[in-house]
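Undergrad: Below: one structure in C-alpha cells.
Read the figures in this text as sums done on the coordinates, not as results from a lab. Owing to the predicted nature of the structure, the values given are computational and were not obtained by experimental measurement. Note: ideal-geometry Cβ built from the backbone for every residue, glycine included; neighbour counts use all protein chains shown.
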Ligand code: NCD
Ligand code: ZN
C-alpha cells in the first residue's frame, strides 16, 4: 500500500468555536495538526489578551486524552484596538496575530473594523512589534459584486495599507483569486497567504450542482475554475509564501440548511486528506510537506514540529454528519469516498 510520511502539519487558519461544537470538532483537528492559529470570531469576540487566555484554557480543557495540541491564539481587531493592546499581544507567548474582519464581511464580523485609516497608530504598532495582521480580504460595499470583493479589497485596502506600512507582516487568509495570488507573489517577504482545501478542490459550480448546496457556501465565496487553477499553481509551486490554512468553520446543520444559510465549510476531518489528493492529482506530492509543515512555522517564526504522521492510500467514506451534542455538523465531502487517510 502506498504511504506518505511527513512532518506533522499545522493549520494556520481554524475556527474551533466554543462549548459542544468545540468538543465535537477538536478531535479531528488534533488528529491531523500539531498546532493551529485559532480564529477569534466568537460571540463576543476575543479582543484582548485576557479573553484569549481564557479561550485557550477552554480549548486545552476540551482536548482529548493525552493530546499535545497547541492553540496559537489571535485577537480580533476592532475600531477600539489600541497600540497598548498590540504591545500586550506582542509580549504574550500564546498570542500570535491580530485578525482583521472588515465589519460585516463574514460570519461574526459585526464588531470588525469600519475604517482602517483610523486605526493607523495600532497598525503601526503591529509593524513595529512584527505582530502579523491576518486579513479577511474582502470589501463589504454591497455595490461590489460578491465575486469581485477580494480583488477590489487588494486595490482599495491592502495595497494602500502596505504602501503606508511596508514592514507590516500580513497573511492574506483563504486566498481565492488569481489576482490574490499575483498580489502575494509581487509583495515583499512580509506578505504570505493561506490556501484552504475547499478553494483548491471546488469551483463555484459546486454551490449550484443540481440545486443550492449550502454546505459549499463559505466566504470568500468559491470562484471560477480559472481562479482555482491559479490557487493550485500557487500551492504546488514550492513558494514559501503559500501555506496550509483550512478555514474549517463548523456550523449547526440547520443554520446552513436555511432560507438564509450562513457561511462556513467544516473541513477539519477531511482537509489533510484532500490536500494530499490535490497535490497527488497535480503530480506534486513532493511539495506537500513544505506547504503543510514547513512554510507556516517559517513565516510565524516558530520551530518546525518534530513529530511525523503517515497517510496511507486507502479508500474511506466520510461520515454524512458529525454529532455535536444537541447540534450536528455536515463535513465537507459528506458521504463521499476519499483516497487518502491517516495510517
Ligand atoms: C467563517 C466562520 O464561519 O466563522 N466563515 C467562512 O465562510 N469562512 C468566517 C470566515 O473565515 O470568513
Ligand atoms: Zn475563517
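Undergrad: Arrange the following residues from fewest to most other Cβ atoms within 10 Å of their Cβ: 316, 340.
TA: So the residues, fewest neighbours to most, are 316, 340.
Undergrad: Further, regarding this structure: Taking the number of other C-beta atoms within 10 Å as the exposure measure, put 34, 320, 240 in order starting with the fewest.
TA: Placing the least packed residue first, the sequence is 320, 240, 34.
Undergrad: Stokes-Einstein D for the range 90-232 at 20 °C, 1.002 mPa s, Kirkwood Rh over Cα pairs, in µm²/s?
TA: 135
Undergrad: While we're on this one: Select from 84, 324, 271 the residue whose mean-square fluctuation is largest in a Gaussian network model of the chain (Cα-Cα springs shorter than 10 Å).
TA: 84
Undergrad: Let me check the size of the range 1-153 from its C-alpha atoms; what are the radius of gyration and Dmax in Å?
TA: When restricted to the Cα atoms of the range 1-153, Rg and Dmax are 16.8, 57 Å.
Undergrad: Then there's this: If you take the square roots of the eigenvalues of the alpha-carbon gyration tensor of the range 269-334 and sort them as a ≥ b ≥ c, do you get rounded (a/c under 1.5), prolate (a/b over b/c) or oblate?
TA: Oblate.
Undergrad: Against the globular-protein guess of 2.2 N^0.38 Å, express the Cα radius of gyration of the range 202-343 as a ratio, rounded to two decimals. The partial results should precede the final answer.
TA: Values: Rg = 16.1 Å, N = 142, 2.2 N^0.38 = 14.5 Å.
Expressed relative to 2.2 N^0.38 Å, the Cα Rg reads 1.11.
Undergrad: Measuring from centroid to centroid over Cα atoms, what is the spacing of the range 9-71 and the range 226-263 in Å?
TA: 19
Undergrad: How big, in percent, is the set of alpha carbon pairs in the range 3-342 lying more than 38 Å apart?
TA: 8
Undergrad: Taking the number of other C-beta atoms within 10 Å as the exposure measure, put 298, 10, 85, 145 in order starting with the fewest.
TA: 145, 298, 85, 10
Undergrad: Percent antiparallel among DSSP beta bridges with both residues in the range 3-342, to the nearest 5?
TA: Bridges in the range 3-342 that DSSP calls antiparallel: roughly 35 percent.
Undergrad: Using a 10 angstrom cutoff on alpha carbons, build the Gaussian network for the chain and name the most mobile of 93, 64, 45.
TA: 93
Undergrad: Any chance you could check the Cα centroid distance between the range 135-169 and the range 286-343 for me, in angstrom?
TA: 30
Undergrad: Continuing with this model, one more query. Of the residues 124, 182, 110, which exhibits the maximal mean-square fluctuation in a Gaussian network model of the chain defined by a 10 Å Cα contact cut-off?
TA: Evaluated over the chain, the most mobile residue of the options is 182.
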